[in-house]
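Q: Quick one: structure below, then a few questions.
The values are calculated or read from the model by the stated rules, or taken from the named source; none is laboratory data. Every value quoted in this text rests on a predicted model; they were computed, and no experiment measured them. Positions of Cβ are generated from backbone atoms using ideal geometry, with glycine treated the same way; all protein chains shown enter the neighbour counts. To get the accessible areas, we keep the full protein, side chains included, count just its heavy atoms, and leave off ligands, DNA and RNA. Shrake-Rupley method; radii C 1.70, N 1.55, O 1.52, S 1.80 Å.
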Amino acid sequence: MEDVEVREVEWLWYPYIPYGKITIIQGDPGEGKTTAVLQLSALLSKGEKLPCDDRDIEPVNIIYQTAEDGLNDTVKPRLVAANADCTKIKVIDETDKSLTMIDEHIEEAILETGARVVILDPIQAYLGAEVNMNSANEIRDVTKQLGHLADRYNCAIILIGHMNKGGGKASYRGLGSIDFQAVARSVLIVGRLKDNPTMRIIAQGKSSLAPEGDSIAFELNKDTGFRWIGKCEMSVEELLSGTPKDNKSQLAERLLNEMLEDGKRLQSDILAKAKDWDISKRVLDEAKKKLGVKSTKTANKWYWELPPKE
């Protein structure tokens, strides 16, 4: 260790995207993750401040690779709509050969263009045909080489990924091996609100190099387009459930009204339903108090009941 040179972490977007490391941005299809990344790319191409980050930045060159969206009918129109400097955004030609994460063309392109950002969208398209994305050993080898590339040229490598439909912690929702999450120094989750589908949120699910950043909201409206809104109070868990904390109380009240509208119900049934709806006992008790729900005990079992209507 005596020969290791100490180096401070440099940030592309503090504390969300570090230079010299891998960042993963993931979400369900159609949630706006690619659009958000292109909006960030547009700001970076012009050297404009990023959302909720007051630091002045210089324009940077970006390598953007996509295997899902057409360059001429989707990517370029979105960049133009965001007023990007398209001379700063480069694409590696994949006409003759599909690109992979360990392809030497990525390193050659970084050297040729001086790119500070490399974006691969989506992750699974750039693994290579021989790599099993569910195999930890194979994924670890690929991501390790990609991480060395990011470190060698101090560029930010951003991998965009889809999420599976399973429940549980956000770290287990990414497609493929959890080693993707392990190698990334930052993981950002993009999702929408159930009760306001034009409102999208970027929440930080992992931050290894700095305290986790605040969630950031943006609007994606087919009529008015894209708009950054700013910081918001919403955790990754709330984002994945689609319900912000402020609305959990309303959700708890709705649950109680629906379950008790026909008369008293077993407390155990209500608690089980609240768990299914991801409502905590504290929030449920607050809603119970607000609605005036009464608890009664019959034959050693507790029941909840709404107060008589006036």
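Q: Could you give the C-alpha radius of gyration of the stretch 235-310 expressed as a fraction of 2.2 N^0.38 Å, taking N as the number of residues it contains?
A: 1.13
Q: Next up: For residue 12, list long-range residues whose amide hydrogen, built 1.01 Å from N in the peptide plane, is under 5 Å from its own amide hydrogen.
A: Close amide H contacts, sequence-distant or interchain: 17, 19.
Q: Here's something else I'd like to know. So, counting K/R as plus one and D/E as minus one, what does the shell of residues with Cβ under 14 Å around residue 48 add up to?
A: -1
Q: When the helix-only estimate is applied to the chain (DSSP H runs of n ≥ 4, each -39,500 (n - 2.57), divided by the residue count), what is the mean residue ellipticity at 222 nm, nearest 500 deg cm²/dmol?
A: Roughly -9500 deg cm²/dmol at 222 nm, from the helical runs in the chain.
Q: Angle check, please: helix 33-46 long axis (alpha carbons) against the longest principal axis of the chain (alpha carbons), in degrees 0 to 90, nearest 10.
A: Tilt relative to the chain: about 50 degrees.
Q: Over all pairs of distinct alpha carbons, what does the Kirkwood formula give as the hydrodynamic radius of the stretch 1-42, in Å?
A: Computed over the stretch 1-42, the radius equals 12.7 Å.
Q: Going by Cα centres, the stretch 253-271 and the stretch 129-152 are how many Å apart?
A: So the separation of the two Cα centres works out to 50 Å.
Q: Let me ask something else. Rounded to the nearest 10 Å², what accessible area does residue 279 have for a 1.4 Å probe in the complete protein model?
A: Around 10 Å² of this residue is reachable by solvent.
Q: Please provide three numbers in whole Å: the alpha-carbon extents of the stretch 1-148 along the principal axes, with the largest listed first.
A: The Cα atoms of the stretch 1-148 stretch 43, 41, 32 Å along their principal axes.
Q: Looking at the P(r) of the stretch 1-82, how many percent of alpha-carbon pairs lie beyond 19 Å?
A: I get 47 percent for the Cα pairs in the stretch 1-82 exceeding 19 Å.
Q: Mind ranking 120, 71, 111 by accessible surface for me, highest first, 1.4 Å probe?
A: These residues rank, largest area first, as 111, 71, 120.
Q: Still on this structure, I have one more. Which is the longest part of the chain that has none of the trypsin sites (Lys or Arg not before Pro) sitting in a DSSP loop with at most 15 other Cβ atoms within 10 Å?
A: Here the longest run is 223-308.
Q: Here is a follow-up. Given springs between every Cα pair under 10 Å in a Gaussian network model of the chain, which of 80, 37, 117 has the largest fluctuation?
A: Fluctuation is largest for 80.
Q: On average over all directions, what projected area in square nanometres does the chain have, based on the convex hull of its Cα atoms?
A: Values: hull surface 88.0 nm².
Taking the Cα atoms of the chain, their convex hull projects to 22.0 nm² on average.
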